[in-house]
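To start, the structure under review is shown below, and the notes come after it.
Every number in this text was worked out from the coordinates using simple rules, so none of it is lab data. Source: prediction; values computed, not measured. Heads up, the Cβs are rebuilt from the backbone with ideal geometry, glycines too, and the neighbour counts pull from every protein chain shown.
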Amino acid sequence: LRYAPIPDDTILQQGLESLPSVIVSLNSSRVSPVYTAAKELQAGILGVVGENLNVSYETTASEQSSSLIVGTAAAFNDNYGTQVDVSKFAPDGFLLRVKKGSVTIVGQNERGALYGAFEYLSRIARGDFAEVELLSNPDAPIRWVNHWDNLDGSIERGYAGLSIFFGNGLVLPDLTRVAQYARLLASIKINAIVPNNVNANANTLNATNIEGLGRIADVLRPWGIQLGLSLNFASPQLLGGLNTFDPLEPAVISWWSEKTAELYKRVPDLAGFLVKANSEGQPGPLTYNRTLADGANLFAKAVQPYGGIVLFRAFVYNHHADWNVWTNDRANAAVEFFNHLDGKFLDNVVVQIKYGAIDFQVREPANPLFANIPETSKAIELQITQEYLGQQSHFVYIPPLWKEILDFDFRDESKTSLVRDIVAGRRYNNSLGGYAGVVNVGTNTSWLGHHLAMSNLYAYGLLAWDPTLSAEDILDDWTRLTFGFDPDVLKTVSDISLATWPAYEDYSGNLGIQTLTDILYTHFGPNPASQDNNGWGQWTRATQTHIGMDRTVRNGTGNAGQYPHEVAAAFENIETTPDNLILWFHHVPYTHRLKSGKTVIQHFYDAHYDGAQTAQTFPVRWEALRNKIDVQRFEEVLFRLTYQAGHAIVWRDSINNFYHNLSRIDDEHGRVGNH
Ligand code: GCW
């Protein structure tokens, strides 16, 4: 989005030769994303090739050959005769046609036209002026970001400063950053934002804040982004003064329908609601012995007349679980709470499911719930904020992890059942579905707290549009747009980024044991002891001789049996469980031999040395880019990569010493223990 000048004269010359002479916008209303697209094209072309094209709102068919035309398919066909086949478009889709001297950008809707404009700008900013005819449709309709911002301006799992949306209990008066953020999100094809925390404050819905939320929606609208809202289930009581929040109580139902009407009056295009209920102390329908479906449907009915939808979170579990019970398992909770509700949700409810059954760990198998509620629309929840992945003090390029989950095949009824096909609604024929990414954007000028972390947000948007894209290609495009065309920069950013997830897994938690961060307070830094012996259920069951959760049906929690039968059989059997998930599904001696030939404990020692060693290369590799990147970003990234390298050693030694102290088994290579 910097639209930096093309640094290469030959490419620049090609660009200038292929440029149209005028931008024709098929909509002149300032709140239209088509208008935004035209302005963005003007600014982008000026930045990238240095030509200031006029924007015209008049259309004459004869001008087509030398124009850059942007608009909806309907407007295009009206103005130029029927030329674009609208039947090929999905909502939000676009056509980009580049021919020498002429560019046509046509959206299925206004938002689609804006996406097409950003696609064109991304291409030219990367020096790509080639002719193209691209019809691009989204894989899924829901491409949302969630924020865990509190009304007081703090951000749960933030790490990049205070909220750009809220402060002092109110929507902020100055929403300049929100407008910039909307531009950022539109450029990666995100279509809705939920600004407030799922641990929601009922005051979000007071009259002053509804007006403030209206201002947020006004700022988002020209960028084709809708507002969604997290709700506190007990609002009728906390804010409305009723003595109940029972979802079947008529007074509660009318309270919500009036509140919803008030919201839609101010925000007619409100996307809908996001609800965390009966989870981690949040109120919900179970308080009144009503089902989670009763709770979700309460809101579904309220937004239904306005075309809104409800994202209802599946992250429901007991955080006071009894650790002494061998068969207890937090990973079972989502399926236990939701599978008997399949078919009971209204059509505009989407169950929002975290990628794994525990909580954004460095490695988890895909959440079994995806394959347990075929009748229900589903969205996958991913985290761009690095809650368990170093909290922006470490850099982890996460898309390879997301891709493993999205490409996971549940083999339901022995048929291909990829997570990405399930959340797109294709596998089980659901009408809705898609993606929710938890983003920690704050007032920090880098937005996310680490310059390199922006590649995660960029990739999130692109994968939600097309999950078959490669994590490597997305990264290369991002780097070129962000840091320019220098091949050393491209190679270094690519090498470092792609090494981060494997390294982080190596120096934190291996073999599916979870990340091993402190889980009681910070979720940062090594603290394997904090996992066990408490109600949170992120257990490792580490003893002096054994480690791992027994999730088999035969002798454990039965979690393996929540997967469709082929996958269940594979996870049930230690021989067919992949090494990287062995401790997720099996409780084994430290001396258990992996398929790699190493014992579990030796794998821990080696991986921690390898991962920490890899992290040492990050600042060294980066250092070689001095003078190839502007001083500020160079220094700030160097500072963080240096920290990461040091903290990786802390991780290595903490984890290795912890398991050595427990097991008393020395490292074969003499690095841990007393040789
Ligand atoms: O991962 C946990 C986080 C909580 C978060 C919760 C959730 C918003 O530690 O901070 O609360 O998950 O996803 O609801």
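Things worth noting here:
- More than 18 Å apart - percent of Cα-Cα pairs taken over region 190-272: 41
- Per-selection Kirkwood Rh - the chain (Cα, Å, 1 d.p.): 26.3
- Computed [θ] at 222 nm, deg cm²/dmol, the chain (DSSP H ≥ 4; -39,500 (n - 2.57); rounded to nearest 500): -11500 deg cm²/dmol
- Cα-based reach from Lys598 at 16 Å (exclusive), listing aspartates and glutamates while leaving out same-chain residues under 8 positions away: Asp506, Glu575, Asp579, Asp606, Asp610, Asp666, Asp667, Glu668
- Cα-Cα P(r), region 9-136, percent of pairs per 5 Å interval: 2, 12, 24, 27, 20, 10, 4, 1, 0
- Farthest towards the positive end of the charge dipole of the chain, among the residues Asn580, Ser18, Asn79, is the Cα of Asn79, using unit charges on the Cβ of Lys, Arg, Asp and Glu.
- Neighbours of Val267 by Cβ distance under 14 Å: Lys/Arg scored +1, Asp/Glu scored -1, total +1.
- For Ile11, neighbours were defined as the other residues whose beta-carbon sits under 13 Å from its Cβ, and their charges (Lys and Arg +1, Asp and Glu -1) total -1.
- Filter on Lys276/Lys301; Lys276/Lys344; Lys189/Lys259 - keep pairs with C-alpha separation over 26 Å: Lys189/Lys259
- Extension gain, Asp466 back to Thr291 (0.36 nm per residue minus Cα-Cα distance, nm): 59.5 nm
- Per-pair calculated FRET efficiency, R0 = 51 Å: Thr545 and Ser56 via Cβ, rounded to 0.05: 0.10
- Projecting the Cα atoms of Ser455, Thr443, Val219 onto the charge dipole of region 142-482, computed from C-beta unit charges around the Cα centre, puts Val219 farthest toward the positive end.
- Think of the chain as having a plus end and a minus end, set by charges on the Cβ of Lys, Arg, Asp and Glu; of Ile190, Tyr288, Phe118, Tyr288 sits farthest toward the positive end of this dipole.
- Only lysines eight or more places from Lys100 in sequence, or on another chain, were considered; those with a Cα closer than 24 Å are Lys39.
- Using Cβ point charges alone (K and R +1, D and E -1), the dipole size of the chain about the Cα centre works out to roughly 560 debye.
- GluC sites (Glu not before Pro) within region 367-475, DSSP loop, no more than 13 other Cβ atoms inside 10 Å: Glu375
- In units of the compact-protein estimate 2.2 N^0.38 Å, region 142-482 shows a Cα radius of gyration of 0.95.
- Region 267-348, dipole about Cα centre (Lys/Arg Cβ +1, Asp/Glu Cβ -1), debye to the nearest 20: 160
- Contour minus Cα-Cα distance for Thr82 and Leu594 (0.36 nm per residue): 178.0 nm
- Note on Lys491: lysines with a C-alpha under 21 Å away, same-chain residues under 8 apart excluded, are Lys628.
- Taken over region 400-476, the ratio of Cα radius of gyration to 2.2 N^0.38 Å equals 1.29.
- The charge dipole of region 479-554, taken about its Cα centre with unit charges on the Cβ atoms of Lys, Arg (+1), Asp and Glu (-1) only, comes to about 300 debye.
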